[in-house]
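Worksheet for the structure shown next.
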Amino acid sequence: MKVVFENLQSADLVVDTVYEGGKDIGKGSDVLHKLMPGCSNSGGFRKVMRKDGSGLPAYVVLYTSMSELAWPDFLDEETGIFRYYGDNRIPGRSLLDTPRKGNQLLEFVFDCLNSRDGSIKNIPPFFIFKKTGHGWDVQFLGLAAPGNPKLSPDKDLVAFWRTMDEKRFQNYEAYFTVLDTCEPIDRRWLNALIYNHGDSLQYAPPTWVRFINQGRNGIVPLISKKIPKVPDKYAQLQCDNEGMLCLDRIRSHYSSNAYGFERCAQDLLEKMDEHFQDFSLTRPWRDGGRDALGYYVIGSSSKANYPLRIDCALEAKCYSQDNSVGVKEMSRLISRIRYRQFGIMMTTSFVHKQAYEEVITDGHPILIVTAADIARILRQNSIVFNNIDEWLDSLDRSDYARVRK
């Protein structure tokens, strides 16, 4: 569905609808300035203020391309969880010292979410729009609330360090949930949020009213089950500059060590999910490969009952970003999986489309971890280019000590 530029000022908001931009050159063709009352015509954070003198935001537009390697905003359609990065994206400023005060807004909103003094009513609705790549056209992804019932309060807004041009700086990673609004969003709500905020809930979608009344536990996500789809090369390799440098360093470190990366992959897997445990490396195969066998442990923290331990086999491939894991490598892993076991294919590169399709089509129990995942695991564990050599050397020492035993 599309809405032409001339009809934007009277259009309701419908999920996944494309709103067309103007034909003129310049910001006069911007969609959001015309579609959303009071909205500016530039920036990723576009905050519209109430007119009641409270100094509080009426609503916020989050505008993203979803394609920045360094700042990969992401919407998981199957859970409704939306990851969005703050606006401190260059060195030389503190976390909250940004021109549009986007990080200050994030801090304020999540403080309201996690407080118990009724300030949740000060949280503005967030409207998420994505560039389509065609002129000024944008696509509406949905109405979002901060947080998610499945994320603990200490994980929905996280400050982390980045390095750019050998300078360190902090930014925020925020998690929202796209709400299941069911019906189009009434324009009367947008205007009421600005000019008559006290009575605005009468026009709000029921899911927003429920969130305001119940908080995090009242969030009803828009869930859309995906048809299995093979991610392309770009998606499997996508990471920021720091991640690219770390991946290159890993490839270089193991370029002359055929077996070393298996130990590295094991450690990455355990850092990705603490339920992966007790891995041991097998003897080398004739083809030069070597597996690691371990367990995925499921259970409560109680000591009263034994956890469930599921066997799994890890195969690791330290490849350049232009060298994919193909059908041969994937078939070899599939053939080695025993009954009631699953496999993990980890690579510093990507999995070729044909090999990936075989896994999906035939329903093989294979977890695929590619370069983009590795970069994310490293960042979440504070491993950056400045300290990655220290981490790699520690793996070599632990592997050597284990072999000596």
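FYI, it's all coordinate maths here, none of it is from the lab. In this text the structure is predicted, and so the values were computed from the model without any measurement. Glycine also receives a Cβ, built like all others from the backbone with ideal geometry; neighbour counts cover every protein chain displayed.
Annotations
- Gyration tensor verdict on segment 233-404 (Cα atoms; rounded if a/c is under 1.5, prolate if a/b is larger than b/c, oblate otherwise): rounded
- From its DSSP helices (H runs of at least four residues, each -39,500 (n - 2.57)), the chain gives a residue-normalised ellipticity at 222 nm of -8500 deg cm²/dmol.
- Around GLU77: net Lys/Arg minus Asp/Glu count, Cβ-Cβ under 14 Å: 0
- For segment 59-173, fraction of C-alpha pairs farther apart than 21 Å, in %: 42 percent
- Angle between the chain longest axis and helix 327-336 axis [Cα atoms, degrees, rounded to 10]: 70 degrees
- Each eigenvalue of the Cα gyration tensor of segment 148-264, multiplied by 5 and square-rooted, gives one semi-axis; in descending order these are 43, 19, 14 Å.
- Net charge, ARG50 excluded, C-beta distance under 14 Å - Lys, Arg +1, Asp, Glu -1: +1
- Kirkwood-type radius of segment 2-218, with distances r between different C-alpha atoms, in Å: 17.9 Å
- Here the Karplus curve 6.51 cos²θ - 1.76 cosθ + 1.60, taken at θ = phi - 60°, turns the phi angles of segment 176-190 into couplings of 10, 10, 6, 8, 7, 7, 6, 9, x, 7, 5, 5, 4, 5, 4 Hz, with x standing for Gly and Pro.
- Using alpha-carbon coordinates, inclination of helix 353-362 to the longest axis of the chain, degrees: 90 degrees
- Counted by Cβ distance under 13 Å from VAL18, the other residues give a net charge of 0, where Lys and Arg count +1 and Asp and Glu count -1.
- Normalised contact order of the chain, rounded percent, pairs of Cα under 8 Å and 6 or more residues apart: 13 percent
- Ordering GLY102, GLY294, THR181 by Cα displacement along the dipole of the chain toward the positive end leaves GLY294 in first place; charges were set at the Cβ atoms of Lys, Arg (+1) and Asp, Glu (-1).
- A Cβ-based charge dipole, computed about the Cα centre of the chain with Lys and Arg at +1 and Asp and Glu at -1, lands at about 400 debye.
- Stokes-Einstein, applied to the Kirkwood radius of the chain over Cα pairs at a viscosity of 0.890 mPa s and 25 °C, places its translational diffusion at 104 µm² s⁻¹.
- DSSP bridge analysis restricted to the chain gives an antiparallel fraction near 70%, rounded to the nearest 5.
- The charge dipole of segment 233-404, taken about its Cα centre with unit charges on the Cβ of Lys, Arg, Asp and Glu (plus for the first two, minus for the last two), comes to roughly 500 debye.
- In the chain, the longest principal axis of the Cα atoms and the axis of helix 260-272 are about 40 degrees apart.
- With viscosity 1.567 mPa s and temperature 4 °C, the Kirkwood radius over alpha carbon pairs of segment 229-285 converts through Stokes-Einstein to a diffusion coefficient of 96 µm²/s.
- 3J(HN,Hα) along segment 210-224, derived from phi through the Karplus expression 6.51 cos²θ - 1.76 cosθ + 1.60 where θ = phi - 60°, amounts to 5, 4, 4, 7, 10, x, 3, 6, x, 5, 10, x, 7, 10, 10 Hz, with x in place of Gly and Pro.
- Pairs from the table (LYS150/LYS271; LYS27/LYS101; LYS23/LYS101; LYS130/LYS271) lying more than 24 angstrom apart at Cα are LYS23/LYS101; LYS130/LYS271.
- Calculated from backbone phi, Karplus (6.51, -1.76, 1.60) coupling profile of segment 49-60 in Hz, x at Gly/Pro: 8, 5, 9, 9, x, 6, x, 9, x, 7, 7, 9
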